[in-house]
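Report on one structure; see the data block that follows.
Every number in this text was worked out from the coordinates using simple rules, so none of it is lab data. Keep in mind that what you see is a predicted model, and the values were worked out from it rather than measured. Please note: Cβ atoms are built from the backbone with ideal geometry, for glycine as well, and neighbour counts cover all protein chains shown.
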Amino acid sequence: MRKSIGRELLLLLTFFGSIWAVVSYFSEDEAEDCDVIPEDLYDKLGDFVIDDFSQSSSLILIANDSFSLESWNEILHRLDFDNSNCRAIYLSRNPEVNAYTLPGDNIVVYSGLIEFVESGEELAAVMAHEFGHVKKGHVRELLKERFAMTSLIMIVSGDAGGNLLLELSDFLFTAAFSRDNEKEADYYGLELLERGNLSTRGMLRFFEKLEEEKMEMPEIISAFSSHPLSADRLEYIRTHAAKSVGDSLLNMNWNDFQKEMLDLAAHGDQ
Amino acid sequence: MKDLGEEKYVSIPQPEDVPVREREDAMGAYLMMFAALAAGLPLPIINLIASLVYYFIHKDKGPFIKFHLLQSLYSQLITSGMNVVFVFWTVRIFFFESTMVTDYYKGYVAVVVLANLLYFIFSIIAAVRARQGRFFYFLVFGKWAFHQAFSIRNADVKVHVNKTPF
């Protein structure tokens with residue numbers, strides 16, 4: 001009996017193994033890139049989120065590929081702003097000290113952040129950090145993970161495709177970058193500041209202020225951040241700042257800039 | 001009682017010996033794969049749970065039913081296992097570390113599709129045969145299920161002898 005079952009098992013395994021081997025061998029391509037969130041879908045999702053966002057609070061366009069506010073030109077030029085590190089930057093009237101990256105590679109800066117920082121270099125550091133999230137594809141990564149989880153849950157619950165978009169939309173305001181993502185964005189930001197010959201002490205000062213105020217990262221630098229400012233994080237920024245070669249300051253009057261932005265946020269772009 | 005080589009097996013019931021109720025219960029074992037679909041739940045693991053529940057309800061109703069229950073359950077265990085691997089592999093490819101569809105993946109998809117197709121066709125055939133009071137043996141699972149359902153274990157052959165009080 002056992003021999004007979006063994007023979008049949010061998011037959012079955014040989015049959016399916018052969019199918020696997022033959023199909024694998026005769027497949028046309030070695031490998032295909034199958035991104036579940038293609039570029040155009042990602043951009044559309046970005047437009048949807050911005051539309052949704054602007055329903056609840058006013059958004060003032062600061063810069064995109066064809067426009068930028070004159071007062072921002074110095075910062076954006078030094079950070080080598082273009083389509084690859086951000087699609088658009090918006091200012092929003094909100095007292096919270098916050099800036100974050102949305103799907104579609106749009107960055108929103110709260111007026112509370114403009115009020116909190118004390119120099120253009122600090123603001124440039126925050127922007128460089130957010131550019132890091134865009135450049136390293138962190139939002140896309142998060143979306144993919146969420147998309148996978150939501151799809152699985154919906155398959156299990158029998159509601160496949162039902163409220164996926166709504167689920168994703170809700171997720172945007174509750175998701176968090178991983179500690180590794182934050183670190184990667186920090187390093188990219190530091191690199192970007194150095195490339196623009198900007199002092200990395202702006203980033204150090206900003207983080208030290210967070211530490212002094214005992215503020216936590218979720219409310220500070222990114223809506224996607226979940227982790228408090230760790231000693232480790234402050235340490236590597238401090239080390240980097242000490243070795244920093246870029247030492248020039250921005251050619252801008254911070255007080256004028258701050259006043260202009262706060263007025264803009266308060267009265268809109270009218 | 002028959003002795004098939006080393007193993008001892010209970011006599012196989014012939015179609016006319018199997019009551020209608022047993023035939024229907026045996027057929028039901030194969031129809032459990034549709035249970036989850038009827039509930040609107042396409043994930044294969046739900047079918048397996050339904051089959052397990054069905055097995056525990058009917059397993060003591062005679063060797064004919066038990067054979068069909070086990071054959072259905074074993075084949076479903078393997079196909080569900082393959083489906084679960086397929087789902088996780090797909091999720092991993094499309095959502096996590098890699099976005100590459102490799103040749104091995106394509107080969108595995110072909111194997112899973114074929115396995116599910118064969119499982120579906122043979123389950124329908126087996127369900128019809130069971131309704132007729134007959135047997136249909138799947139490769140591997142058929143023999144193993146038969147052995148489990150019809151073999152006579154030591155406990156089964158223990159004969160009680162009534163004795164006088166003196």
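With one equal scatterer per alpha carbon and no solvent term, the Debye-computed log10 I(q)/I(0) for segment B:18-151 at 0.09 1/Å reads -0.30. In a reduced charge model with +1 at each Lys and Arg Cβ and -1 at each Asp and Glu Cβ, segment B:18-151 shows a dipole moment near 400 debye about its Cα centre. Per residue, the convex hull around the alpha carbon atoms of segment B:103-166 comes to 124 Å³. Our coupling estimate for segment B:145-150, obtained by passing each phi through the Karplus curve with A = 6.51, B = -1.76, C = 1.60 and θ = phi - 60°, is 5, 4, 4, 5, 7, 10 Hz, Gly and Pro reported as x.
Beta-bridge orientation, segment A:40-130: approximately 65 percent antiparallel, per DSSP, counting only bridges with both partners inside. What the Cβ-Cβ distance of A:Ser66 and B:Val84 gives, at R0 = 45 Å and to the nearest 0.05, is a FRET efficiency of 0.35.
What does a probe at B:Arg131 reach in segment B:55-95, counting residues whose amide N is under 11 Å from the point 7 Å along Cα→Cβ? No residue qualifies, since no backbone N sits under 11 Å from the label point. When the charge dipole of segment B:18-151 is built from unit charges on Cβ atoms (+1 for Lys and Arg, -1 for Asp and Glu) and taken about the Cα centre, the candidate among B:Val20, B:Leu139, B:Trp89 whose Cα reaches farthest toward its positive end is B:Val20.
Across peptide A:14-25, the average count of Cβ atoms from other chains found within 10 Å of a residue's Cβ is 5.
Treating each Cα of segment A:1-119 as an identical point scatterer and summing with the Debye formula, the log10 of I(q)/I(0) at q = 0.10, 0.12, 0.13 Å⁻¹ comes to -0.52, -0.60, -0.65.
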